[in-house]
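One structure is given here, and the rest of the page talks about it.
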Amino acid sequence: MSSATPADVLARRSYLILTGDAGGFADLFAPDAVIESSFAGPPGTPVRLQGREAIREYSRRVMASPLRLEDLEVAELYQTQDPEVVIAEMRAKGTVATTGRPFTTTSVQILRIRDGHIVRSRDFADPRILQDATGDPRPGS
């Protein structure tokens with residue numbers, strides 16, 4: 001996958017997430033990849049995952065959760081001066097299977113993609129949207 005462009009990698013990532021392929025999703029990441037979430041999410045959501053196998057395990061749990069993504073798109077993709085680093089504006093729409101409650105969320109992600117694999121992903125999303133959709137209490141509520 002070394003000739004894959006960042007847009008190719010992100011399109012593949014969206015496809016794998018939408019089809020619930022946690023193993024394929026994890027395989028998009030380098031063995032020592034890191035995923036960081038800049039804001040604390042619902043209880044049990046890690047702010048940092050290190051390594052492909054940790055990403056695989058967490059992805060399996062998320063894809064088995066009641067959150068059902070129906071659409072995931074890269075709304076904008078920006079190339080930085082570093083050819084490995086891109087900034088993606090993401091939009092996701094879905095439904096909470098247990099409640100039927102729809103949700104729409106946006107995020108900005110900064111990714112380092114090398115040789116067709118994601119090496120680092122930093123996600124800037126407002127976790128309150130998913131907390132509201134799932135009915136999870138907010139910290140301090």
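The values are calculated or read from the model by the stated rules, or taken from the named source; none is laboratory data. Quick caveat, the model's predicted, so the values are computed rather than measured. When we count neighbours, we look across all protein chains shown, and the Cβ atoms used for this are built from the backbone with ideal geometry, even at glycine.
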Problem set entry | Filter result for Met90 (under 18 Å from Ala26 (Cβ atoms) and under 15 Å from the mean Cα position of the chain (by Cα)) | no
Exercise. Checking Thr80 against (1) buried (at least 16 other Cβ atoms within 10 Å of the Cβ); (2) of a type in the set (Val, Ile, Thr); (3) free of Cβ contacts under 8 Å to residues at least 12 places away in the same chain, which single condition isn't satisfied?
Worked result: (1)
For this session: Give the stretch 59-92 a look and list any residue that's among the basic types (Lys, Arg) and part of a strand (DSSP E or B), or say none.
Result: Arg68, Arg91
For this session: From (1) loosely packed, with under 13 Cβ neighbours inside 10 Å; (2) within 19 Å of Gln109 (Cβ to Cβ); (3) among the aliphatic types (A, V, I, L, M), pick out the condition that doesn't hold for Ala64.
Result: (2)
Exercise. Any residue at all in the stretch 30-49 that is surrounded by 18 or more Cβ atoms within 10 Å (Cβ to Cβ), of a type in the set (A, V, I, L, M, F, W, C) and in a helix (DSSP H, G or I)?
Worked result: no
For this session: Of the numbered conditions (1) over 14 Å from the mean Cα position of the chain (by Cα); (2) buried (at least 18 other Cβ atoms within 10 Å of the Cβ); (3) at pLDDT below 90; (4) of a type outside the set (Val, Ile, Thr), His117 fails exactly one; give the number of that condition.
Result: (3)
